[in-house]
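The values are calculated or read from the model by the stated rules, or taken from the named source; none is laboratory data. This structure is a prediction, so every number in the text was calculated from the model and none was measured. Neighbour counts run over all protein chains shown; Cβ positions are idealised from the backbone, glycine included.
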Amino acid sequence: MKKRWIGGLAGLVLAFILAGCGATGQVESLSPEEMKEYMEQNDSAYILINSTEDQKERKENINLVKESIESINVKEINFLSEEMLNQDLNKEDVGLSNIVLEALIYYKNGEINDYVSLSNSDYSSNEDKRENVQKFIDETSS
């Protein structure tokens, strides 16, 4: 009995260590209410602003950001989601100010500190876009 208890405890400790070593950032999509609450509670944040009804395009932006982040967390909101449109919400309703659509924005002290566009029209290729997102994250997270 005692050996099983010790073995279980050791396994649990190992699981926590492995989970901590592999910790990576994530992109979490928030509802308008969740975004407002998050912005009220956090002075600094990475916010991915999507503005598309095309779910494929939205997923591509989310995946591009996921590939570039290592340990930071990014919150995402889609300004053309049914929830935003049905409630006729604007940027102030979700706690954001001076937003740039189709961008990854770094807020510091509640204001936009810097951003990188995710609009395909701003880049000559997907690789160019990917490199700019990576450079933005490297510069703002260090």
**Asked** When residues of the stretch 85-118 are filtered for being surrounded by fewer than 16 Cβ atoms within 10 Å (Cβ to Cβ) and assigned to a strand (DSSP E or B), how many remain?
**Response** 4
**Complete:** Those residues of the stretch 52-70 which are of a type outside the set (D, E, K, R) and in contact with a helix residue (DSSP H, G or I) (Cβ under 9 Å, 6 or more places away or on another chain) amount to Thr52, Leu64, Val65, Ser68, Ile69
**Message:** Regarding the stretch 71-79, can at least one residue be identified that is at pLDDT 95 or above, under 19 Å from Lys56 (Cβ atoms) and acidic (Asp, Glu)?
**Reply:** yes
**Asked** Taking interchain pairs and intrachain pairs at least six residues apart, which have beta carbon atoms under 7 angstrom, with the first residue in the stretch 91-111 and touching a residue at least 40 places away in the same chain (Cβ under 8 Å) and under 21 Å from Val65 (Cα atoms) and the second outside any loop (DSSP other than H, G, I, E, B) and of a type in the set (Gly, Ala, Ser)?
**Response** Glu102/Ser117; Ala103/Ser117; Tyr107/Ala45
**Request:** Quickly run through the stretch 114-135 and pick out the residues that are in contact (Cβ under 8 Å) with a residue 40 or more places away in the chain and either at positive phi or touching a strand residue (DSSP E or B) at 6+ places or on another chain (Cβ under 7 Å) (or both).
**Result:** Leu118, Val133
**Complete:** Scanning the stretch 53-82 for residues that are crowded, with 18+ Cβ neighbours inside 10 Å and not in a helix (DSSP H, G or I), the one farthest from the chain's Cα centre (by Cα) turns out to be Ser81
**Prompt:** Quick one: would you say Ile49 is buried (at least 20 other Cβ atoms within 10 Å of the Cβ), modelled with pLDDT of 90 or more and under 17 Å from Thr140 (Cβ atoms)?
**Reply:** yes
**Residues that are more than 22 Å from Lys59 (Cα to Cα) and touching an Asp or Glu at 6+ places or on another chain (Cβ under 8 Å), drawn from the stretch 108-140** = Lys108, Asn109, Gly110, Asp114, Glu139, Thr140
